[in-house]
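Report on the structure given below.
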Amino acid sequence: MRFLPPAASGSGDGLSRILSILQFALPALFLTGGLVLADILFYRYKLKKPIADLTYAAEKVIANDLDFVMPEASRDELGQLCRAFETMQKELLRNKRDMWRQNEDRRHLNAAFSHELRNPVTVLKGSLTLLEHEPQNPEILRRMAVYTRRIEQYVEAMSSVQRLEQLPVRCRKTSVDTLIAELKETIKLLSAEQQCDVEGKGWGQVYLDTDLFSHIAENLIGNAVRFAERRIHIFLSESSSHLTLTVTDDGPGYPEEILKNGPCPFQKGTEGDRHYGMGLYISRILCEKMEGKLYLKNMGTGARASAVFMKSPHDRRLREN
């Protein structure tokens, strides 16, 4: 019988143990390595860019810099998250611009109010000085009464604008033919001399604040009644996404300053001290509260005001032309 040397036997046992260990370790090692490699590849090609995009967007929002563009997102779940973040960014930017515009409007309104008050206050102060020397002069008393009434009207105009800015928008569903019927009733109350006609196109359902719509219509119709010579035409039209109220008159048209800068507070027309251009200004404010716009234009003979509204709250706001 032949016996193997002890060294060779020990070496064989060691090799067998190594092979046995490798038999179980290598599959686990390859599996672990594959998982690590898969994680690395998944992070690099699926997670790295969306996370970087979201981090970039979050840093911009934290810095109050909302005027940025999100990179194009993929179609997976993280891409949906990026698109949702982009929607939030656009909404924040829109709200910021609205806030800035409202602050600018309020600043212009306060500046116009201060400017318009200067003249009547000066006249009242001068009249008081004259009154000390001529206490029974009826002309001085009449002038003081006129300018006191003017200041009262200024204050009431300012108060009405601030109240309108605080009004909530309460939309409800109504039909276009109902709005047309209300316009016909309004024109009967506001116009007694001019020839007025109301037309409508479209008989669907709209979703808007009917009280604010009526307020805008009354302002535009009242403005047309003041300046029209013989005829006023009111047209309510409906498209797939918008509702448009158009009021046309055959009067002298809008001043160039209003067409250039838009309706502003205390812009006097041609009727003396009773009107301060507040009707068009208030209509513009209400249109913007309802995510719409007010357009003014001079025709060949006359003027045209168009108030454009979204038919549904799901529509986005009207973009600048």
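Summary table
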| quantity | calculated |
| --- | --- |
| Residue order for 42, 227, 24 - accessible surface, 1.4 angstrom probe, largest first | 24, 42, 227 |
| Ratio Rg/Rh, restricted to the range 18-82 and using Cα atoms, in which Rh is the Kirkwood radius | 1.34 |
| Over 16 Å [Cα-Cα, the range 194-256], rounded percent | 52 |
| The range 76-102 and the range 42-67: distance between their alpha carbon centers, rounded to Å | 14 |
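The values are calculated or read from the model by the stated rules, or taken from the named source; none is laboratory data. Everything quoted here is computed from the prediction, not taken from an experiment. These accessible areas exclude ligands, DNA and RNA; they are computed on the full protein's heavy atoms, side chains included. Shrake-Rupley method; radii C 1.70, N 1.55, O 1.52, S 1.80 Å.
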